[in-house]
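Some notes on the structure that comes next.
The values are calculated or read from the model by the stated rules, or taken from the named source; none is laboratory data. The structure presented is a predicted model; accordingly, all values stated were derived computationally and were not measured. Every residue, glycine as well, gets a Cβ built from its backbone with ideal geometry; the counts of neighbours run over all protein chains shown. Side chains included, ligands, DNA and RNA excluded: accessible areas come from the protein's heavy atoms. Shrake-Rupley method; radii C 1.70, N 1.55, O 1.52, S 1.80 Å.
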Amino acid sequence: MVFHRSLVFFGAWLFVALPLGAQFQLDIEQVADQAFPKVIDDEEPAADANVNGARHGFDIERNIDAWVFNRFGTQQGAKTHLDKQLKMTIDGIARECKLTDVQKEKLRLAGLGDMTMFFAEVEAIREEFRGENDQNKINQVWQRVQPLQQRMQTNMFGRGSILQKASAFTLNEDQLAKHRQVELERQRFAYRAAVKLLLTTIEKSAPMKSTQRQEMVELLANTPPPRLMGNYINYYVMYQLAKKQQQLNQILEKPQRDAMQQFIQQGKGMEQFLRQHGYIK
Amino acid sequence: MMRSPRTYLTLTGWALMALWGPPSLPAMPPQAAVEEATVEEAAVEDDFFALDAVIEADQKQTAEDARKVAREKAAKGKAAKEQADQGAAAKAKAAKVGAAKEVRKAKPAAKGQAAVAKPKAKRAGALQAIFNVFQARPAVAAAPARALVDSSNVDTVDANTDEELDDVEKKLRPQGRAMLPQLRPQFDSICREELRFVHTVCNLKRSEFDAIARVARRTCRKALLQTVKVQVRMQQGWNGRNPPIYPNTQGMMEAALLKAVDDELSEARAASYRQEVLARQAFRREAGVESIVASLDRQLVMSPNQRADVLEPISEAWEDDWQRNVEMLVNGNNYMPRLPNEQIRKALSPEQRTVFSSIPQNATFFSGQPFGMAWVRGKPKAKKLEDELQFAAEEDP
């Protein structure tokens, strides 16, 4: 009987008080206490709570793992993935160049070096921000974490890695030439795809004839590919587009060039960003 | 005197309203917008007085469930009795005696449990009903689940004339109308450049241009209104079904212009435009497929032969809607569209298959961005396109 009455009382207060909003200076907690026992204790806000709402702390360390390891979840998950990627990379080289067991082992150790260095960098960032819960430091953390996230999402044992450098003194001349040819072909394929994709986006603003499109593809695909084939490859293509203004004048009409200006301007401003992320030296 | 919770609630509600007046509920949206809203949204807005119905429905459901359980028990008992009759007499007698003992033991416990369970179920049902409405979830039986369909069923603008489009624009929600000035330059730019392209390929006369431009502008406006509706839904959130998808503006323009060109121009000139559009579509497909393969290659480290083997089934399975996923793929989103997994896996080694299985694949309902990076900045063009172009003479064949 007591429960029924308190339930009705609580329900009625909720339905009338909340829609009326400010008209009721209702202490919902007092009403709830009468109807139901209080089971949750509110935490006191942190003493150094900032005005942007970090009242209950913010675990930056956990966020570092989430950002770097992304869909792999934890460091262990990422390690498992990288182990597989290393095996696939060495199998790929072995397929092209017919490696001996000693050569495979040397390359495997070099790849382990890449992984060790990568996880050491992650740990260094964790160490630097250990215990931090200030949400205002998010930007700083993100700047540090982003290049690592990029490497996690691409092939860690590609161009610029210890494994690739080790291949220079592990493989003999013929093997090295074959391996470099295959890597160059892979890079050219990916770069050409990125060029075509950017052109499809540009065509939404500046439609081109077939002949113009083909000339644009040849113009951009023959520029030097980036050092890294990551998620900002489209910015690298824009950067190259911005350097080809003279050739654009010959291929495109003025209205098309005008419509393309935003891409060109964006490409011009990308140099620092691309250098910072390892796409150019 | 004991009354039911429903009675207490109703009396208290009426008493409080008599004292303070009716609760100031959020303003009811205009009729058209209510019709536009989903069943669930309408249910939430009008649901204050449906609480009685909720509790009644809950109690009915509880009673119905109890009757169902009793029927099932009776059926089971009958079957057990028949089984016992068919078995050996001694076994059946022993089973009966044993069962009778168990029942005698369990009866007091069951009685106590049942006594507690009934009111608990009643209270739990009513309380859940209160919190369901309080949390603005549908308090009536949910509408039958709709199959996940392309959002063109929800956000499509079903208008083919300027008057109908005016009507749709008037019925937009205020936040939608506020977006129009921001988005219109983008769509005007697309329309402008597509018309210029038609003129470049077909060398239009003024009269031909006017007819084709009417179609282009109407289609562009339709795409704009559809985009606005999607933006509004994205801002307000949706219920998980029919997620918002931006319209394929370029596809809509191409289709509309192809038809207009067929209607207005000679076969030869229309054919030259059609050839250009088909070439553009083929290029888009090529770019999309190669981008997907390149992204897979980064993760799977494929040989040149494997790349070719994987490229073919993806190219055959390509859908224009994948373009949205592909653009996001390049910007760091690892969500692939739904790929032809069986054919791809045939080309891969066991390790590659394991890694391939871990790559997330999304249905093509990913909303993406309306234009990828192709946003127009700056002021809309002051000069009309008609004033910029040089048209062929009307007398020309």
Can you say whether A:Tyr235 is open to solvent by less than 40 Å² (accessible area, probe 1.4 Å), among the aromatic types (Phe, Trp, Tyr) and either more than 11 Å from chain B (Cβ to nearest Cβ) or assigned to a helix (DSSP H, G or I) (or both), as far as the supplied structure shows? no
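On the given criteria, is A:Gln256 open to solvent by 30 Å² or more (accessible area, probe 1.4 Å), in a helix (DSSP H, G or I) and farther than 14 Å from A:Lys196 by Cα?
Working: open to solvent by 30 Å² or more (accessible area, probe 1.4 Å): no; in a helix (DSSP H, G or I): yes; farther than 14 Å from A:Lys196 by Cα: yes.
So A:Gln256 does not fit the description; no.
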Would you pick out the residues in the range A:86-96 that are buried (at least 19 other Cβ atoms within 10 Å of the Cβ) and more than 7 Å from every other protein chain (Cβ to nearest Cβ)? A:Leu86, A:Ile90, A:Ile93
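Results for (1) surrounded by 15 or more Cβ atoms within 10 Å (Cβ to Cβ); (2) more than 18 Å from A:Ile202 (Cα to Cα); (3) modelled with pLDDT under 95, shown as yes or no for each residue.
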{"position": "B:Tyr246", "(1), (2), (3)": "yes, yes, yes"}
{"position": "B:Ala255", "(1), (2), (3)": "no, yes, yes"}
{"position": "B:Leu265", "(1), (2), (3)": "yes, yes, yes"}
{"position": "B:Ser291", "(1), (2), (3)": "yes, no, yes"}
{"position": "B:Leu296", "(1), (2), (3)": "yes, yes, yes"}
{"position": "B:Met328", "(1), (2), (3)": "yes, no, yes"}
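Which ones in the range B:272-282 are facing chain A (nearest Cβ under 7 Å) and open to solvent by less than 10 Å² (accessible area, probe 1.4 Å)?
If we filter the range B:272-282 for residues that are facing chain A (nearest Cβ under 7 Å), which is where we start, we get B:276, B:279-280.
Selection gives B:Arg280 alone.
Quick check on A:Leu198: is it at pLDDT 90 or above and either closer than 30 Å to B:Arg192 by Cβ or of a type in the set (Phe, Trp, Tyr) (or both)? Quick ask: steps written out before the conclusion?
Values: at pLDDT 90 or above: yes; either closer than 30 Å to B:Arg192 by Cβ or of a type in the set (Phe, Trp, Tyr) (or both): yes.
Spelling it out, A:Leu198 is indeed at pLDDT 90 or above and either closer than 30 Å to B:Arg192 by Cβ or of a type in the set (Phe, Trp, Tyr) (or both).
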Members of the range A:203-232 found to be at the interface with chain B (Cβ under 7 Å from one of its Cβ atoms) and not in a loop (DSSP other than H, G, I, E, B), listed by number: A:Ser210, A:Arg213
Taking the range A:48-81 only, how many residues are at pLDDT 75 or above, open to solvent by 50 Å² or more (accessible area, probe 1.4 Å) and part of a loop (DSSP other than H, G, I, E, B)? 1
If we ask which residues in the range B:242-271 are more than 10 Å from every other protein chain (Cβ to nearest Cβ) and part of a helix (DSSP H, G or I), their number turns out to be 17
Looking at (1) more than 14 Å from chain A (Cβ to nearest Cβ); (2) at pLDDT below 50, which is the only condition B:Ala159 fails? (2)
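Based on this model, can you work out whether A:Arg151 counts as without any contact (Cβ under 8 Å) to a residue 12 or more places away in the chain and either under 28 Å from A:Gln75 (Cβ atoms) or assigned to a helix (DSSP H, G or I) (or both)?
Numbers: without any contact (Cβ under 8 Å) to a residue 12 or more places away in the chain: no; either under 28 Å from A:Gln75 (Cβ atoms) or assigned to a helix (DSSP H, G or I) (or both): yes.
So A:Arg151 does not fit the description; no.
Of all residues in the range A:241-253, which are out of contact with any Lys or Arg (no Cβ under 8 Å at 6 or more places or on another chain), open to solvent by 10 Å² or more (accessible area, probe 1.4 Å) and part of a helix (DSSP H, G or I)? Working first, answer last.
If we filter the range A:241-253 for residues that are out of contact with any Lys or Arg (no Cβ under 8 Å at 6 or more places or on another chain), which is where we start, we get A:241, A:243-247, A:250-253.
From what is left, the residues that are open to solvent by 10 Å² or more (accessible area, probe 1.4 Å) are A:243-247, A:250-251, A:253.
Within the range A:241-253, A:Gln245, A:Gln246, A:Gln247, A:Gln250, A:Ile251 qualify.
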Those residues that are within 21 Å of A:Lys209 (Cα to Cα), part of a helix (DSSP H, G or I) and open to solvent by 60 Å² or more (accessible area, probe 1.4 Å), I need them from the range B:167-211; list them, please. B:Asp188, B:Thr200
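Yes or no: B:Arg214 among the charged types (D, E, K, R) and surrounded by 14 or more Cβ atoms within 10 Å (Cβ to Cβ)? Outline the logic, then answer.
Numbers: among the charged types (D, E, K, R): yes; surrounded by 14 or more Cβ atoms within 10 Å (Cβ to Cβ): no.
The answer is no for B:Arg214.
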